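Shown next, in structure tokens, is the structure this report addresses.
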Amino acid sequence: MHIRDLTSVNIGAAISLWRRSGLTRPWNPPEIDLQRALDGLTSTVLGAFNNDRLIGTVMVGYDGHRGWVYYLAVDESQRGTGLGRQLMSAAENWLRKHGAVKIQLMIRSTNEAVLGFYEHLGYEDADVQVRSKRLT
Ligand SMILES: CC(C)(COP(=O)(O)OP(=O)(O)OC[C@H]1O[C@@H](n2cnc3c(N)ncnc32)[C@H](O)[C@@H]1OP(=O)(O)O)[C@@H](O)C(=O)NCCC(=O)NCCS
């Protein structure tokens, strides 16, 4: 297994993984999210590969103040083997390298299953409320 930045060639496999992992939403075209993150100077999508097969992803971005994580997903057949932890560690290293001193992520309120995972990795409840507004 190795972890590297995705390229445009991997977009189909990543989106398939995200759909299977329940991370996509109809109003948020994942291919646009992915391409934008790959094109950005302070963002990327890291992929874990077993030979040439994509088995995990994590999107990272530094906004000049904090580092953010999105689209963490591990192929169902590989879960429980430590890959989620390795991807989060790769995301932390990438953000550190780009100057971020803090890492944050959002968890959908319907995704309670993942709460224990993040807690186990040392991620605390930030005790904030997030507000959002569409700009398009
Ligand atoms: C969340 C996800 C990435 C975890 O990946 P994974 O490869 O199964 O996790 P790991 O095997 O690396 O687990 C790392 C550690 O967390 C622990 N852990 C995993 N899930 C846990 C849970 N729900 N509660 C408590 N601990 C948990 C593991 O036991 C392991 O502990 P250890 O390293 O001390 O032995 C995976 O379940 C997934 O793809 N879920 C669907 C997509 C998703 O919800 N993504 C998050 C969006 S916010």
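The values are calculated or read from the model by the stated rules, or taken from the named source; none is laboratory data. This structure is a prediction, so every number in the text was calculated from the model and none was measured. Quick reminder, even Gly has a Cβ in these numbers, built from the backbone with ideal geometry, and neighbours come from all protein chains shown. The area values use the complete protein model at the heavy-atom level, side chains included, leaving out ligands, DNA and RNA. Shrake-Rupley method; radii C 1.70, N 1.55, O 1.52, S 1.80 Å.
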Cβ-Cβ under 7 Å pairs, at least 6 apart or on other chains, the range 16-43 side under 26 Å from A100 (Cα atoms) and among the aromatic types (F, W, Y), far side open to solvent by less than 50 Å² (accessible area, probe 1.4 Å) and in a helix (DSSP H, G or I): W18/P30
Strands (runs of 3 or more DSSP E) contained in the range 24-117 and holding at least 1 residues within 11 Å of the ligand (Cβ to nearest atom) and under 21 Å from V130 (Cα atoms): 53-62, 67-74, 103-105
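Taking the range 118-129 on its own, how many of its residues are within 13 Å of the ligand (Cβ to nearest atom) and hydrophobic (A, V, I, L, M, F, W, C)? Give the steps one after another, and end with the answer.
At the first step, the residues of the range 118-129 found to be within 13 Å of the ligand (Cβ to nearest atom) are 118-123.
Pick out the ones that are also hydrophobic (A, V, I, L, M, F, W, C) and you get 121.
Looking only at that region, the number is 1.
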Matching residues, the range 6-58, being surrounded by 12 or more Cβ atoms within 10 Å (Cβ to Cβ) and of a type in the set (D, E): E31, D33
